[in-house]
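Here's the structure we're looking at; comments come further down.
The values are calculated or read from the model by the stated rules, or taken from the named source; none is laboratory data. Everything numeric here is computed off the predicted structure, so don't read it as measured data. In this analysis, Cβ positions are derived from the backbone assuming ideal geometry, glycine residues included, and neighbour counts consider all displayed protein chains.
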Amino acid sequence: MTRPVAPGLYRVAPGVDFPAALVAGLRARFADAPPQALARVTLYVNTRRMERRVTALFTEGPPCLLPRIRLVAELGQAASTDLPPAIPPLRRRLELRQLVARLLEIEPDLAPDSAAFDLATSLTALLAEMQSEGVPLSAIEGLDVTDQSGHWARSQKFIALAGQFLTPDAGGGIDKEARQRLIVDGLIRDWQRTPPSDPVIIAGSTGSRGTTARLMRAVVDLPQGSVVLPGVDPHMPPALWRSLTDPLAQQDHPQYRFAALAEAFGHDPATIPDWADCPAPCEARNRLVSLALRPAPVTDGWRRDGPDLGDLLGATEGLTLIEAPDPRGEANALALCLRKAVEDGRIAALITPDRMLTRRVTAALARWGIEPDDSAGAPLRQTAPGRLIRHVTALAGQKLTAEALLVLLKHPLVHDAADRGQHLLWTRELELHLRRRGYAFPDAEILTAWANTYGARRAREAEDVALWVGWICDTCLGHDSRGTMSLASHTAWLETLVTRLSLGPGAPADVPAPVWDENAGEEARRVLTELAQEADAGGAMDAGEFHFLVNALLGGEVRSATRPDPRVMIWGTLEARVQGADLVVLAGLNDGNWPELPDPDPWLNRRMRAQAGLLLPERRIGLSAHDFQQAIAAPEAILSRARRDGEAETVPSRWLNRLTNLMAGLPDQHGAEALSAMRARGAVWVAMAAALDRPAAQVPAAPRPAPRPPLDHRPRELPVTLVETLIRDPYTVYARRILGLRRLDPLRATADMRDRGIVLHKLMEEVVPQLKSLPPATRRDTMMTAADRALAELPWPTARRLWRGRLSRIADRFLNAEAARQADADPIPGECKGRLELPEARFTLTAQADRIDRAADGTLRIYDYKTGKPPNEKVQKAFAKQLLLEVAIAETAGFEDLPPTPVSRAAYLGLNANLDEEDAPLDDLPIARVLDELAQLIAAYDDPTQGYTAQPAPKTITYESDYAHLSRRGEWEFSDTPEPEDVGW
């Protein structure tokens, strides 16, 4: 009887819809066979997606009995029930984490403690690869590391220590990869004893893994066993196939894997027959790409074989090359391409390993209501449940900051109940309070005090807001004390706290928390449940390492619960092998994406991997090259890249470079013209993308503002510190004193110049008045003790140490200078307040002098402390009038209990590294002149036509005003003429 399936290797050319060709070949072979014959076929595929696609193609008709479709990963499980179940991968990673943690205790220079779980993950991958490739531990132990660094010797010892898990009878259980190989070995033995009488087919696998390649070899040897390879290049000459035999030099070629398989199976790769009569969409393009991707040592064949390609205009008619200026432009151009495909009723697929680019394209498509079918979904850590879990784990071992608190309270899944609106209202009020008061680390006392104040203002909400603040204190505070604990304790704490935050205050315990709803919540709950189940294998860890561990476990993908548009798909490279589309977009064609940079191996270098028989990094490059060759052979393909990323110029993908270089070097075949046509088609999309964000009408830039409020709203009182501001930036006086606007303090408070000034002023107020009465030997200690008290109020340890160190370096010089200043003068304790009424101008000037000394001759000396560089004499004459005006107040009106007294000296004292001093120019600017200039300034703003111009004389070009955004600073230049505008109430 004729066998419908002849044993051996078969191929499907690049660009051919592989599942459709697979089904067509099966139907053709069983066309004359009884109906039940096809049902006796066992068909192994490598992904669940291909299984669904093949099933769907069979069900489209004509009617038939379906073959038995299985996954390679699930083969033989029913016949291998005597094998123990595989150890969960997470448990193995946790067990290895403990070994890595011990190694890091012994070898702390190897990596930080927080890297233990990441190193365990990479070690787990290495052990899995060893089991899949059949590499025994002895191969690692026998590596020659005499000429390597000590790092590799340590790696070898540790891999040998972790190698206990490679032996199932050592009490460590059996890994998934080891179990799969044992299943394959058992199945092969069964086939050798009793070969199956029915056809067995493996389809779609490239045999890149050792266990899969071993199974494929056994299937090829069966009487009716066949292996169907995807994307085998039919245009490679036999000599080129024979050259792909060096695993160290040729693994990055897209066809290397097939050459290695054919050689191992005893077949000639150049004579592999076609599985089905399904021609590629464009044979001419396939020949072009095949020639472009030839190995580097034989690219001299371009000159010899290039003329045989024929006219390249026809071969590239279905190719478009988009070279966008930046990633945003690329994403917008691709979104337009996909939208056009939808409008034309075509199926379009975007293929790229760059997940950032896919998110940009998805966001761009949203403007037209198109949600692509993303095969990978969104990273779990970026979903709402994943972000909440990461925020909560970050609380452990850290003092609660105002920023972290508000991030939690504003999360969409926190207090996700019917009264969430009230929760958000209270959160807003609390945020304003924390910003105004500058609380960097809010505690229970601060929160309770705010609740009492708020409740006093709104009595009806007093009880509810107290309950709400109590819930915040119970859930968000006190976690900084969590140190090293068992993984089980950390996990139970995390799940309980996330649930309580999601439910809100006063929720019944039996109510399901909204955070665990929908696909993302269910997946997050599954991750935490699995972690709790395997926690006993994790040992103890500190809060920081637990945070890193949870963040790593949330790295999986989760699909949205909404139904996407089936006409627009986003595929990874694996999905692209088993699907078909009318339009294929290969995006992000830059080196680093195509191909992706191989992950660094912390255990074995390339040479050691080759010696041990493990996979080389070039293997992934070869698989990526094969994906490129497959995708570019689609009926219509768009190649896209961004010339520049966020940092610098990009480098085109090596395969795109090869293609463009080959075409540019074939003028007789119209290669340059074809390349120009590809770029011209892409330039159309780039231009459309640029126009997409261009406003329909040119919006004129805002003029330089100079608002003119009514005279009765203009300030009649100013402190001396704002006089300089009125000269340099009147708009700031308008916004602050007339509009009453104040910049909100940042949530992430940091130690700035203002904090430094407060600390130094407190220090000076305490030390300077008592300095003369202290023995010289104790002055430095007294000053540093006072500095410690002032710095203790700072919540930033780093700033405390840094500023104390600076004070320590200048302490002796400051004390010597201060002793000279107090030789004939006595400081008046505290800051002195002064007030000067100007009746004719109907204006009041106020001041608070940092320091006033009474000299032996009865005169006063006024000092102002500056944490930065003090203004020089030229600046004081034009702008910095503070000291001169304080002198005017002291001599004409007096400071508090001080009667009007002559001032013999006024100076700025720089509390910086150089201890700069700048005297006020009292001789050049007598008090009468200073007051006259002040009167002129006031009179100018008493003129209704005078506006408060934005920054007429800023200190520097880069001067940052709190009101720069309000004045639309980015739309006008300093050279622009102000445009006054009357404003009223």
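The set of residues in region 253-271 that are assigned to a loop (DSSP other than H, G, I, E, B) and surrounded by 21 or more Cβ atoms within 10 Å (Cβ to Cβ) comprises HIS253, PRO254, GLN255.
The set of residues in region 746-774 that are surrounded by fewer than 16 Cβ atoms within 10 Å (Cβ to Cβ), within 20 Å of PRO829 (Cβ to Cβ) and not hydrophobic (A, V, I, L, M, F, W, C) comprises GLN770, LYS772, SER773. Of the strands (runs of 3 or more DSSP E) contained entirely in region 275-385, those carrying at least 3 residues that are modelled with pLDDT of 90 or more fall at 319-324, 348-351.
If you check ARG53, ARG68, ARG49 for being among the basic types (Lys, Arg), surrounded by fewer than 18 Cβ atoms within 10 Å (Cβ to Cβ) and either modelled with pLDDT of 85 or more or assigned by TED's automatic domain parsing to the domain that holds PRO600 (or both), only one passes: ARG68.
Quick check on ALA120: is it surrounded by fewer than 21 Cβ atoms within 10 Å (Cβ to Cβ) and of a type in the set (A, V, I, L, M)? No: the conditions fail for ALA120.
Of all residues in region 542-561, those satisfying the criterion of being closer than 23 Å to ALA376 by Cα and not in a helix (DSSP H, G or I) are LEU554, GLY555, GLY556, GLU557, VAL558, ARG559, SER560, ALA561. Is one or more of the residues making up region 457-477 of a type in the set (Lys, Arg) and either touching a strand residue (DSSP E or B) at 6+ places or on another chain (Cβ under 7 Å) or surrounded by 17 or more Cβ atoms within 10 Å (Cβ to Cβ) (or both)? Looking for residues that are of a type in the set (Lys, Arg) and either touching a strand residue (DSSP E or B) at 6+ places or on another chain (Cβ under 7 Å) or surrounded by 17 or more Cβ atoms within 10 Å (Cβ to Cβ) (or both), one finds none in region 457-477, hence no. For region 869-917, give me each residue that is more than 22 Å from PRO952 (Cβ to Cβ), touching a Leu at 6+ places or on another chain (Cβ under 8 Å) and in a helix (DSSP H, G or I). Those that are more than 22 Å from PRO952 (Cβ to Cβ), touching a Leu at 6+ places or on another chain (Cβ under 8 Å) and in a helix (DSSP H, G or I): VAL887, ALA888, ILE889, ALA890, THR892. Among residues of region 830-840 being surrounded by fewer than 20 Cβ atoms within 10 Å (Cβ to Cβ) and touching a residue at least 40 places away in the same chain (Cβ under 8 Å), the one that is farthest from LEU885 (Cα to Cα) is GLY830. Screening the candidates THR245, THR211 for the property of being polar (S, T, N, Q), outside any helix (DSSP H, G or I), within 42 Å of the chain's Cα centre (by Cα) and under 23 Å from GLU618 (Cα atoms) yields one hit, THR245.
Considering the conditions (1) hydrophobic (A, V, I, L, M, F, W, C); (2) in contact with a Ser or Thr (Cβ under 9 Å, 6 or more places away or on another chain); (3) closer than 30 Å to GLU765 by Cα, ALA920 is excluded by exactly one of them, (2). Of everything in region 214-239 that's out of contact with any Gly (no Cβ under 8 Å at 6 or more places or on another chain) and part of a helix (DSSP H, G or I), which residue is nearest to ALA284 (Cα to Cα)? It comes out as PRO238.
Table: residues versus (1) over 17 Å from ARG525 (Cβ atoms); (2) assigned to a helix (DSSP H, G or I); (3) of a type in the set (Val, Ile, Thr).
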| site | (1), (2), (3) |
| --- | --- |
| ARG387 | no, yes, no |
| LYS399 | yes, no, no |
| LEU406 | yes, yes, no |
| LEU409 | yes, yes, no |
| ASP416 | no, no, no |
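Go through the residues of region 705-724 one by one and say whether even a single one is among the polar types (S, T, N, Q), part of a helix (DSSP H, G or I) and crowded, with 18+ Cβ neighbours inside 10 Å. No; the residues of region 705-724 include none that is among the polar types (S, T, N, Q), part of a helix (DSSP H, G or I) and crowded, with 18+ Cβ neighbours inside 10 Å. Condition check for VAL465 on (1) at pLDDT 90 or above; (2) under 19 Å from PRO795 (Cβ atoms): one failure, at (2). Checking region 961-970 against the condition returns a match, with at least one residue being more than 30 Å from VAL768 (Cα to Cα) and in contact with a Gly (Cβ under 9 Å, 6 or more places away or on another chain). Restricting region 511-563 to residues that are more than 24 Å from SER486 (Cα to Cα) and buried (at least 18 other Cβ atoms within 10 Å of the Cβ), the residue that is farthest from the chain's Cα centre (by Cα) is ALA513. Take the conditions (1) under 30 Å from ALA376 (Cα atoms); (2) surrounded by 20 or more Cβ atoms within 10 Å (Cβ to Cβ); LEU9 misses just one of them, which is (1).
The residue that is surrounded by the most Cβ atoms within 10 Å (Cβ to Cβ), counting only those in region 487-510 that are in contact with a helix residue (DSSP H, G or I) (Cβ under 8 Å, 6 or more places away or on another chain) and charged (D, E, K, R), is GLU495. I need the full set of residues from region 93-114 which are more than 26 Å from ALA178 (Cβ to Cβ) and surrounded by fewer than 17 Cβ atoms within 10 Å (Cβ to Cβ), in order please. Result: GLU105, ILE106, GLU107, PRO108, ASP109, LEU110, ALA111, PRO112, ASP113, SER114. Does ASP268 satisfy being over 24 Å from ASP17 (Cβ atoms) and either in contact with a Ser or Thr (Cβ under 8 Å, 6 or more places away or on another chain) or not polar (S, T, N, Q) (or both)? Yes: the conditions hold for ASP268. For region 841-864, which positions are modelled with pLDDT of 90 or more and surrounded by fewer than 18 Cβ atoms within 10 Å (Cβ to Cβ)? Across region 841-864, the qualifying residues are ARG842, THR844, THR846, GLN848, ARG854, ALA855, ALA856, ASP857, GLY858, THR859. On the stretch given as region 785-829, residues that are surrounded by 12 or more Cβ atoms within 10 Å (Cβ to Cβ) and not in a helix (DSSP H, G or I) total 9. Tell me whether region 930-949 contains one or more residues that are free of Cβ contacts under 8 Å to residues at least 12 places away in the same chain, among the hydroxyl-bearing types (Ser, Thr, Tyr) and outside any helix (DSSP H, G or I). Taking every residue of region 930-949 in turn, none turns out to be free of Cβ contacts under 8 Å to residues at least 12 places away in the same chain, among the hydroxyl-bearing types (Ser, Thr, Tyr) and outside any helix (DSSP H, G or I).
Check whether at least one residue in region 746-768 is among the aliphatic types (A, V, I, L, M), closer than 16 Å to ALA817 by Cα and assigned to a loop (DSSP other than H, G, I, E, B), and report yes or no. No, there is no match, as no residue in region 746-768 is among the aliphatic types (A, V, I, L, M), closer than 16 Å to ALA817 by Cα and assigned to a loop (DSSP other than H, G, I, E, B).
Would you check if there is a residue in region 725-734 being outside any helix (DSSP H, G or I), within 30 Å of ARG821 (Cα to Cα) and of a type outside the set (Lys, Arg)? No; the residues of region 725-734 include none that is outside any helix (DSSP H, G or I), within 30 Å of ARG821 (Cα to Cα) and of a type outside the set (Lys, Arg).
Scanning region 868-888 for residues that are surrounded by 19 or more Cβ atoms within 10 Å (Cβ to Cβ) and over 16 Å from ARG854 (Cβ atoms) gives PRO870, PRO871, GLN876, ALA880, LYS881, GLN882, LEU883, LEU884, LEU885, ALA888. Every condition in (1) crowded, with 16+ Cβ neighbours inside 10 Å; (2) over 28 Å from the mean Cα position of the chain (by Cα); (3) within 30 Å of ALA799 (Cα to Cα) holds for THR401 except the one numbered (2). Tell me the residue from LEU38, LEU90, LEU22, LEU26 that is touching a Cys at 6+ places or on another chain (Cβ under 8 Å), surrounded by 18 or more Cβ atoms within 10 Å (Cβ to Cβ) and in contact (Cβ under 8 Å) with a residue 24 or more places away in the chain, please. None of the other options fit; the residue is LEU38.
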